[in-house]
Structures are given as structure tokens and as C-alpha cells.
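Working notes, beginning with the structure itself.
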Amino acid sequence: MVHNKNVTSYSWKDLPKLLIVLLAITLICLLFPSHDQAAYRYQQGQPWAYEDLAVTRPFSTQIANNNPKDSIQAPLQLEFSAGDILVRKGEQVTSSMYKLLNQYFAQPVDFTGQRYIYFLGYFLLTAMILGALVLFSIKYFPQITQTTSGVIFLVIWPVLFSFLVFLINKNDTVSPYLIPFCLVPIIVYNFYGGRLALFIHIVVVLIASFLSELGYEFTFLQILAGIVTLLVITETRYWNVFFRTILVIMLTYLVGYLGLALINSGSLNMAECKTFGWLAFNSLLLLLAYPFIPIVEKLFGFTSSILLAELADMNKPLLKELSIKAPGTLQHSLQVANLSEAAADKIGANGILVKTAALYHDIGKMKQPELYIENSKGVNHHEKLNNFESARIIIEHVTEGVEMAKKAKLPKVLVDFIRTHHGTTRVEYFYRNQLSSEPDREFDESLFRYPGPKPTTREETIMMIADSLEAACKSLKSPTGQDIDQLINKIIDHKIDNGQLSESQLTFTELATCKEVWSSLLRSINHVRIEYPSEVKPSQG
């Protein structure tokens with residue numbers, strides 16, 4: 001087994017992916033304020049809501065002199081140099097300050113050269129942020145960056161939310177606090193878990209913070225909400241759990257903003273009270289995650305827990321057909337599903353994925369169900385076949401299952417489970433029969449081997465072992481706990497010795513945890529009899 005197999009090679013064929021990332025960076029940079037026009041919203045009598053505004057070019061103006069001590073009310077001449085502070089954050093925008101700001105932003109200045117400098121600055125910062133996201137994905141989620149659609153999935157979120165912030169900045173009646181940034185971690189979590197979801201969320205918020213000009217409070221609150229989202233979200237397929245998650249997110253927003261408002265001003269003004277309304281409505285918009293998840297699923301070819309739960313419904317056509325044509329196989333699959341899900345949950349793998357895959361892994365047996373022992377009803381149909389024919393039929397349940405799964409349009413990830421659940425193992429029973437029945441005959445050993453490939457993911461490995469364990473345990477007669485433990489060790493050691501786990505991402509520590517789970521479950525399933533202590537004979541005195 002390997003601990004982490006994330007070595008990924010790239011070539012000129014990956015040029016389209018690089019171009020997609022550069023296009024995303026460029027699109028985001030085009031949305032940034034151009035600095036030659038007001039990128040701020042302010043009103044007379046309201047506090048300045050942005051960071052300190054520094055003058056970027058020499059600026060002079062005249063304002064009315066309202067000092068009653070001056071006998072001559074001549075206008076005051078004000079001179080500002082580049083870097084001087086025009087207005088500070090939280091400062092009240094008085095009548096004279098309002099006119100001063102309007103005059104500053106209304107200056108007809110040629111920014112042709114500077115505009116390119118600003119664009120370059122934004123480009124460098126955005127490239128660093130998105131570059132960090134791509135490098136993180138290459139290291140920890142290489143399967144995403146191996147496809148063009150995966151790269152688009154990574155960069156579409158910063159682009160989409162940057163565009164939303166840009167549109168809202170153009171509208172004086174709506175606040176950027178309305179934008180439901182926590183949609184990102186909720187949706188990404190369904191496909192790739194919490195680590196990538198949090199990283200993408202932070203990237204989106206950092207870029208949006210440049211665009212919104214709302215300062216560190218905005219950044220702090222959105223990142224905090226994203227962290228809380230990933231701490232409380234467990235399932236989006238259950239409405240009651242999802243509603244509780246949204247309520248916790250709303251509470252985080254409201255309490256967090258209350259704390260920031262009290263720190264900044266020591267009280268609540270009308271503008272800050274309106275923000276509470278925007279944040280509450282923002283939280284309600286997170287309900288859009290539920291319809292968006294299947295949309296993203298279809299667009300990018302992903303598989304969510306919602307779809308997996310639907311496919312695990314026993315009324316689905318393939319499972320219903322399996323229950324009729326091969327009821328013994330269905331019972332075997334249900335037991336494998338239970339063993340696999342319990343082990344996956346224990347080590348933090350995807351339990352719903354491996355459970356659903358286990359239900360479908362033997363659908364290929366429906367073609368000739370009577371030739372498999374669990375459906376044979378005590379009749380040995382292989383007596384009429386030679387060892388080569390029997391092995392071919394047994395092996396074909398994998399290839400037949402793959403074809404049936406594709407025809408039923410099952411997700412590719414489930415098809416991969418069907419392909420790998422026997423790896424490249426031999427059909428040992430018929431192989432050994434052939435050796436003993438015709439010891440002098442030479443034959444191709446590959447005729448008795450499954451085509452593979454070997455399992456690579458933790459979930460595929462768990463299901464392969466659970467499948468072998470469930471089948472092997474049926475051969476035990478009134479087993480003791482020790483018998484079951486020995487069987488588990490024997491089967492797993494055999495898989496390792498034959499190289500079946502050589503490409504797996506499952507670690508030995510995780511495998512040891514899975515062994516404990518399987519030992520406990522198989523003891524219950526097989527009604528382990530009590531192990532009595534050995535009789536102690538009284539000593540002859």
C-alpha cells in the first residue's frame with residue numbers, strides 16, 4: 001500500500017487549463033475599480049464606511065470659509081499631496097467634506113498610464129491568490145486538475161462572486177453583505193470535502209474584499225461564517241439538518257457583526273441596523289445550495305451525496321431487477337454495503353459512496369445468476385463446464401457489470417468500483433482445480449485472472465476487502481471470535497502479498513482500524529458462539 005499517491009505529470013496538453021486560469025485572472029482584474037472614477041458610495045451625514053482614503057495625486061481646491069471669527073469670509077485654499085489622508089474610516093461626512101470628496105473624484109485626470117499600473121498590481125495579487133488555489137489542488141486533490149472541467153470548477157467561484165460584488169457595487173440600494181458567500185463551501189463540501197471547500201471560500205472572500213472596499217470587517221465576517229459552515233454542515237440531503245445549519249450560519253453573521261459594530265462605534269446606528277437585515281436575508285439565500293448541487297453535478301460530472309442516496313434506494317431499476325433475478329447476490333451486496341460503510345465512516349472516508357457502490361458491485365451476476373453459489377439453490381451448475389469456461393463466466397460478471405452500469409448511466413465513480421472490486425486476483429477455486437485435474441497441461445494463467453485495475457482510493461480498497469470477507473465468512477461453521485480474526489488477517493495478508501493493495505491510498509493505520517470494525521460486525525453477523533475456558537483438572541494429591 002502507499003500512503004499518498006499524488007504524483008501527477010503535466011505536459012503541453014495541459015496548456016488549455018493554464019489558459020483557463022489566466023482568463024479567470026484577467027476577468028476578475030477587469031472588475032476592479034479603475035481609480036479614475038469614484039469607487040465608493042457615501043452620503044452626507046453618514047460615516048465614511050471604507051478604509052482611510054489617501055490622495056493618489058496632487059489635489060487642490062477651494063471650500064467656503066464658515067469661521068465666524070474671520071471678518072472676511074474668503075474661500076479657503078486646500079492643498080493635498082499624494083499620500084495625504086482625505087477622509088478617515090468612521091469619520092462623519094459633513095457638508096464641506098461631501099463637497100470635497102465630490103470635487104476630488106470629479107477631477108479630469110489622464111489615467112491612461114496609471115490605469116495599466118493599477119491593472120498590473122491587481123493582476124499580480126489575483127494571480128498569487130488563484131495560483132495558490134491551483135497549487136493546493138495539485139498537491140492534495142490532483143484528480144481535479146487532471147481535467148479541464150475540474151480546473152473550471154476551481155476558478156469559476158472567484159469569477160462568479162467577483163461579478164456579483166461588481167454588480168452590487170454599482171447599485172446604491174443593495175449591500176455586498178447580501179451576497180451568500182457561504183454557498184461556496186456548502187456546494188464544494190458535497191463533492192470534495194471540507195479542506196478544499198474552505199480554501200476556495202477564503203480565495204473568493206479575499207478577492208471580493210478587494211472589490212467591495214468594506215475593509216477587514218467584511219473579510220473577517222465572511223471567513224468566520226465559512227469556517228462555521230464547515231464545522232456544522234454534515235448533510236445537505238436532509239432538509240431538517242440543512243435548516244439547522246443555515247440557522248447557525250445566520251446566528252454567526254448576526255452575532256459577529258454585532259461585535260464588530262460595537263468595537264467600531266460603541267453603539268448601533270441606522271446604517272449598521274440595515275446590515276443586520278442584509279445578513280439575515282443572505283443566510284436565507286443559502287437555501288439555493290439545494291438546487292445548485294445537482295446543477296453543478298450535471299455540469300461537471302461530479303457525484304454528490306444527494307445523488308448517491310437516491311441511487312441507494314432499493315426501488316431503483318437495477319437493484320429491483322437484482323432482487324428478483326439474483327436475490328442471493330442482493331443479500332451478499334447488502335452485507336458488503338454494511339461492512340464497507342461502517343469501516344469507511346470509522347476512518348473518515350466517504351461512507352455513503354462505498355455503501356452505494358457495494359449495492360451495485362455485483363450487478364453483472366444477473367446475466368447468469370444460477371452459476372454463482374449464493375443463487376444456485378444447492379445445485380452445482382459448473383459440473384457441466386470445464387474450468388476454463390467456469391472461470392470465464394465468473395470473471396465476466398465484472399465486465400458485464402461495467403456495461404450494465406454504463407447503460408443505466410450510473411456515475412463513473414460507481415463504475416470504477418465495479419471494475420476494481422476484484423483487482424487482478426485469480427479465480428483460485430477453478431485455477432487450482434485445473435492444476436490438479438490436468439497437471440501436465442500448459443495454459444495461460446491470465447485466463448483465470450480478473451482484468452483489474454487494482455483499487456486506488458480508500459473506498460475502493462475497503463469494498464474489495466469487505467467483499468472477500470463477507471463471502472469467506474460463509475464457509476465458517478459455528479465460528480469463534482478467534483476464527484473470524486484469523487480469517488480477516490488471512491484474507492488481508494493474501495491481498496497484500498499478491499500486490500492487490502499496492503496502488504491503494506489506504507494507510508496501514510487505517511487498515512488496522514477497519515480490521516477492528518469488521519471483526520466486531522462479523523462476530524455479530526455470524527452469531528459467534530461463546531468461547532469456554534479450557535477445563536482445569538484438579539491436581540492429584
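Counting just the residues of region 346-361 that are outside any helix (DSSP H, G or I) and modelled with pLDDT under 95, which one comes out surrounded by the fewest Cβ atoms within 10 Å (Cβ to Cβ)?
So the residue we want is GLY348.
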Determine if region 195-215 includes at least one residue that is farther than 21 Å from ALA132 by Cβ and assigned to a helix (DSSP H, G or I). no
Residue that is surrounded by the fewest Cβ atoms within 10 Å (Cβ to Cβ) [pool: residues in region 476-510 that are assigned to a helix (DSSP H, G or I), of a type in the set (A, V, I, L, M, F, W, C) and touching a residue at least 60 places away in the same chain (Cβ under 8 Å)]: PHE508
Can you tell me which residue is farthest from GLU217 (Cα to Cα) among those in region 89-101 that are surrounded by fewer than 13 Cβ atoms within 10 Å (Cβ to Cβ) and within 47 Å of the chain's Cα centre (by Cα)? GLN92
Selection count, region 406-442, where residues are surrounded by fewer than 15 Cβ atoms within 10 Å (Cβ to Cβ) and either touching a Leu at 6+ places or on another chain (Cβ under 8 Å) or of a type in the set (D, E, K, R) (or both): 10
Among the residues of region 372-397, write down those that are modelled with pLDDT of 90 or more and aliphatic (A, V, I, L, M). ALA391, ILE393, ILE394, ILE395
Meets criteria (hydrophobic (A, V, I, L, M, F, W, C), in contact with a Pro (Cβ under 8 Å, 6 or more places away or on another chain) and either under 28 Å from VAL155 (Cα atoms) or modelled with pLDDT under 75 (or both)) for ALA49: no
For region 341-372, how many residues are more than 21 Å from VAL402 (Cα to Cα) and either in contact (Cβ under 8 Å) with a residue 40 or more places away in the chain or outside the structural domain of ILE324 (by TED's automatic domain parsing) (or both)? 7
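In this structure, does LEU410 turn out to be touching a residue at least 24 places away in the same chain (Cβ under 8 Å) and farther than 26 Å from LYS355 by Cβ? Walk me through how you get there before you give the answer.
Details: touching a residue at least 24 places away in the same chain (Cβ under 8 Å): yes; farther than 26 Å from LYS355 by Cβ: no.
No, not satisfied.
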Which condition number does ALA271 fail, the rest of (1) assigned to a helix (DSSP H, G or I); (2) at pLDDT 90 or above being met? (2)
Scan region 139-150 residue by residue and report those that are outside any helix (DSSP H, G or I) and without any contact (Cβ under 8 Å) to a residue 12 or more places away in the chain. THR147
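For residues that are of a type in the set (S, T, N, Q), part of a helix (DSSP H, G or I) and at pLDDT 75 or above, scanning just region 81-124, find the one that is nearest to ILE28 (Cα to Cα).
Going through region 81-124, the residues of a type in the set (S, T, N, Q) turn out to be 81, 92, 94-96, 102-103, 107, 112, 114.
Subsequent filtering for residues that are part of a helix (DSSP H, G or I) retains 95-96, 102-103, 112, 114.
The next check asks that each one be at pLDDT 75 or above; those that pass are 95-96, 102-103.
Working: SER95: 35, SER96: 35, ASN102: 27, GLN103: 29 Å.
Out of the qualifying residues, it is ASN102.
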Assigned to a helix (DSSP H, G or I), touching a residue at least 40 places away in the same chain (Cβ under 8 Å) and over 14 Å from LEU130 (Cβ atoms): which single residue out of PHE181, PHE153, PHE163 fits that description? PHE163
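Here's a check for you: in region 457-475, which residue that is among the polar types (S, T, N, Q) and surrounded by 13 or more Cβ atoms within 10 Å (Cβ to Cβ) is nearest to ASN526 (Cα to Cα)?
Kept after step one, since they are among the polar types (S, T, N, Q), are these residues of region 457-475: 457, 461, 468, 475.
Next, from what is left, pick out any that are surrounded by 13 or more Cβ atoms within 10 Å (Cβ to Cβ): 457, 461, 468.
Details: THR457: 29, THR461: 23, SER468: 15 Å.
Checked region 457-475; the qualifying residue nearest to ASN526 (Cα to Cα) is SER468.
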Would a scan of region 431-454 turn up a residue that is out of contact with any Gly (no Cβ under 8 Å at 6 or more places or on another chain), within 26 Å of LEU353 (Cβ to Cβ) and not β-branched (Val, Ile, Thr)? yes
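Can you find, within region 6-35, the residue that is modelled with the lowest pLDDT among those that are in a loop (DSSP other than H, G, I, E, B) and in contact with a Ser or Thr (Cβ under 9 Å, 6 or more places away or on another chain)?
THR8
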Quick check on my filter: what residues within region 160-178 are surrounded by fewer than 20 Cβ atoms within 10 Å (Cβ to Cβ) and among the aliphatic types (A, V, I, L, M)? LEU160, LEU164, LEU167, ILE168, VAL174, LEU178
Suppose we keep only residues that are among the polar types (S, T, N, Q) and more than 41 Å from the chain's Cα centre (by Cα) within region 348-392. Which one would you say is nearest to LYS320 (Cα to Cα)? SER376
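Kindly provide the set of residues from region 436-460 that are outside any loop (DSSP other than H, G, I, E, B) and either in contact (Cβ under 8 Å) with a residue 12 or more places away in the chain or in contact with a helix residue (DSSP H, G or I) (Cβ under 9 Å, 6 or more places away or on another chain) (or both), ordered by number. Reasoning before the result, please.
Here is the first cut: in region 436-460, the residues outside any loop (DSSP other than H, G, I, E, B) are 436-437, 445-449, 458-460.
Those that are outside any loop (DSSP other than H, G, I, E, B) and either in contact (Cβ under 8 Å) with a residue 12 or more places away in the chain or in contact with a helix residue (DSSP H, G or I) (Cβ under 9 Å, 6 or more places away or on another chain) (or both): SER437, GLU445, LEU447, PHE448, ARG449, ARG458, GLU459, GLU460.
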Within region 441-482, track down each residue that is over 18 Å from PHE508 (Cα atoms), touching a Lys or Arg at 6+ places or on another chain (Cβ under 7 Å) and at pLDDT 90 or above. PHE448, ARG449, PRO453
The condition from (1) at pLDDT below 90; (2) in contact with a Pro (Cβ under 9 Å, 6 or more places away or on another chain); (3) not basic (Lys, Arg) that GLN540 misses is numbered (2)
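In region 375-405, what residues are of a type in the set (Asp, Glu) and either touching a Leu at 6+ places or on another chain (Cβ under 9 Å) or closer than 29 Å to LEU311 by Cα (or both)? Break it down into steps so the answer makes sense when it comes.
Initial filter on region 375-405 (of a type in the set (Asp, Glu)): 383, 389, 396, 400, 403.
Matches in region 375-405: GLU396, GLU400, GLU403.
Matching residues to (1) surrounded by fewer than 18 Cβ atoms within 10 Å (Cβ to Cβ); (2) over 28 Å from TRP48 (Cβ atoms); (3) not assigned by TED's automatic domain parsing to the domain that holds GLU272:
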position	(1), (2), (3)
GLY194	yes, yes, no
ALA197	no, yes, no
PHE210	no, no, no
LEU230	no, yes, no
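The values are calculated or read from the model by the stated rules, or taken from the named source; none is laboratory data. Note that this is a predicted model, so its numbers are computed, not measured. Backbone-built Cβ (ideal geometry, glycine too); neighbour counts: all protein chains shown.
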